[in-house]
Every structure is written in C-alpha cells, then in structure tokens.
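Worksheet: one structure, shown below.
Bear in mind these aren't lab numbers, they're just calculated from the coordinates by the rules spelled out. Quantities reported herein were computed from a predicted structural model and do not represent experimental measurements. Note: ideal-geometry Cβ built from the backbone for every residue, glycine included; neighbour counts use all protein chains shown.
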Amino acid sequence: MAGRAFKTFLPLFDRVLVQRFSPELKTKGGIVIPEKSTEKVLKATVVATGPGLADKDGKTRPMNVVIGDKVLLPEYGGTKVSLENEEFFLFRDSDILGKFLH
C-alpha cells in the first residue's frame, strides 16, 4: 500500500505524505463502536517525504521524519489526497507533533 503511493506521488519541499491508522471499531471488552462515534485518529505512518526545505543559503535542511515512522498529527489540518482509492494526508514537516519510538 505505502509502496504504491510512493511510486505514484512524491511530495515537494518539506511536505510529508501520511496514512492514518484505522479507527478502533471495537472496545477491549468487545463492544462494537458505530463508525460515526469513533474519534479522529491522530496517529499515522509516513509513506513518503519531500526532499526538505532550502534555507537562505540554498542548502536543503533534512526532514525530521523518514518513511515508516509512526507520527502524531495535529487534530486539524493537512490536505486529503486520494491515491488508487486509498486516503492519505499531506502535512508540512513542521506541523507533525512528534514521532513514536519503536
């Protein structure tokens, strides 16, 4: 899934393409949660990154995340992108709140 998106779309500058985790549709006790009642998923996996943003000297600053990182997103923001019937989101590198350590 992530590999296909990366082959068909490459973010520019300091943009990061992420795919949100699927929402939990069942509680630990086994109760099914209606899809409309699920919370917005703020965790995602990085599937593609741009090369980075150039500073005033023309040198490209490296990105803070790499492909495969699990990240925490802000509650609002990002641009929805549909690629091959899958939903992805574009964020700026600086908009990502943090990454989860493995």
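Here are the numbers:
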{"read-out": "Ranked packing of 8-18, 61-71, most packed first, by mean Cβ within 10 Å", "value": "8-18, 61-71"}
{"read-out": "K43 versus F13: modelled label distance in nm, points set 7 Å from Cα along the beta carbon direction", "value": "3.1"}
{"read-out": "Gain upon complete extension [F21, I67; 0.36 nm per residue less C-alpha separation]", "value": "15.1 nm"}
{"read-out": "Whether region 39-102 is rounded, prolate or oblate, judged on the alpha carbon gyration tensor where a/c under 1.5 counts as rounded", "value": "prolate"}
{"read-out": "Relative packing of 83-90, 48-55, which averages over residues the other C-beta atoms within 10 Å, highest first", "value": "48-55, 83-90"}
